[in-house]
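Before any comments, here is the structure.
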Amino acid sequence: MIIDVHTHLFSREIRENRSRYFPGESAFKLLYDSPKAKLAGAGEMLAMMDAEGVDISVVFGFPWRSSEVFKRENDYILETVAKHPDRFIGLCCFDALSPEAPKEAERCLNAGLSGVGELAFYESGINLKACEALEPILELCREKRLPALIHTNEPVGHFYPGKSPNTLAQIYHLIKRFPENIFILAHWGAGIFFYNLLKKETREVLKNVYYDTAASPFLYEAAIYPEALELAGPDKVLFGTDYPLLKPSRYFKDMAASGISESGRAAIWGGNAARLFNRQ
C-alpha cells in the first residue's frame, strides 16, 4: 500500500480565483503568486493517484488567516473525504494564530477529520507566540490521539518561497513543550533527527515524532533516505509529496537510487502511515 501523507487540495473557488485571495493572505501570495504554482482539486488528485499507483492520500488545505476561508476550505476537505473515504484521509488546516482556530479544530475533528495540518508559521517561525497559540489545538489532538502535521524547513541553505525563519531550537522547543502529542514534521523535520545521536534527552523528546519526505527531490540528495531510516528510525519516516508541487514518481526515483532495502521502501511508502492512521 502506498500512502502519501502530505498533499494540498483547494476548492474550485480558490483554484479559479487565486489572486482574489492575495490581499490579506501574504503567505498564500508568497507561495502561489506564480502561475506555475499549481492548485489541485479532488478530481485531479484522484486521477494522479491512479496514474502513479497511490492508494491513499492525506489531504489538507492551507493555513488561511481568514476564518471564513479556512472554514469553507475545511468543509471542502470534509466533503472530499466523505465522498472517497477509501482514498482520502483529511486534516483540518487554518492559521493557528486565529482566535477561531481552536473552535475550528474541534469542529473538524468532531466531524471526523484525522488530525490537524499542515500548520505553518511562514513569516514568524515557530516562536513563543506560535507555541502558545498551538496549545489548545494540540490539547484536542492529544485527547483524541491524532497527529499534528507542522511545517518545518532547514534553517540553512538557499531561500525559496515558503521557507520560514524557523530554527532547530524552535522546533525542538515545540516538541519538548508538548511531549505527549504525535507530530509529523514536514520536509524531513529540518533534519532534527540527527540529534537522536546525542547521549542525553533528545531521543526521548523526539519519540512521538514522524518525518515526511515532502519536497525532498528539490532539497536533498537521495542519500537522505538511508540516513533518516537509521537516525530517525525505520518506523518514523513517512512518504509525502507536497502534491501538486511534485508527483510521487520523482520520489520513487530517488528512493530507488538511495540503496535502501525493500523493507525500508515498504515502510516509507505506506507501512508506517498505515499504522499511524489506522489503515492496516
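The values are calculated or read from the model by the stated rules, or taken from the named source; none is laboratory data. Because the structure is a prediction, the values reported are computed rather than measured. Don't worry about glycine lacking a Cβ; one is built from the backbone with ideal geometry, like all the others, and counts go over all protein chains shown.
Descriptive notes on the structure:
- Test: residue in the stretch 13-21 that is of a type outside the set (Val, Ile, Thr) and within 18 Å of the chain's Cα centre (by Cα): no
- Odd one out for Ser67 among (1) more than 24 Å from Ala47 (Cα to Cα); (2) touching a helix residue (DSSP H, G or I) at 6+ places or on another chain (Cβ under 6 Å); (3) not charged (D, E, K, R): (2)
- Residue in the stretch 249-270 that is of a type in the set (Val, Ile, Thr), in contact with an Asp or Glu (Cβ under 8 Å, 6 or more places away or on another chain) and either closer than 24 Å to Val59 by Cβ or at pLDDT 95 or above (or both) present: no
- Only one of Lys71, Lys36 that is out of contact with any Pro (no Cβ under 9 Å at 6 or more places or on another chain) and exposed (fewer than 15 other Cβ atoms within 10 Å of the Cβ): Lys36
- The listed residues are Leu30, Leu46, and the only one of them that is within 21 Å of the chain's Cα centre (by Cα) and farther than 30 Å from Asp86 by Cβ turns out to be Leu30.
- The helices (runs of 4 or more DSSP H) located wholly in the stretch 136-252 that include 2 or more residues which are surrounded by 21 or more Cβ atoms within 10 Å (Cβ to Cβ) and in contact (Cβ under 8 Å) with a residue 12 or more places away in the chain occupy 168-177, 224-231.
- For Gly43, the conditions (1) part of a helix (DSSP H, G or I); (2) under 24 Å from Asn278 (Cα atoms); (3) out of contact with any strand residue (DSSP E or B) (no Cβ under 6 Å at 6 or more places or on another chain) all hold with the exception of (2).
- Matching residues in the stretch 3-27 - criterion: being in contact (Cβ under 8 Å) with a residue 24 or more places away in the chain and part of a loop (DSSP other than H, G, I, E, B): Leu9, Phe10, Ser11, Gly24, Glu25
- Applying the criterion of being more than 18 Å from Cys141 (Cα to Cα) and of a type in the set (Asp, Glu) to the residues of the stretch 74-117, the residue that is surrounded by the fewest Cβ atoms within 10 Å (Cβ to Cβ) is Asp86.
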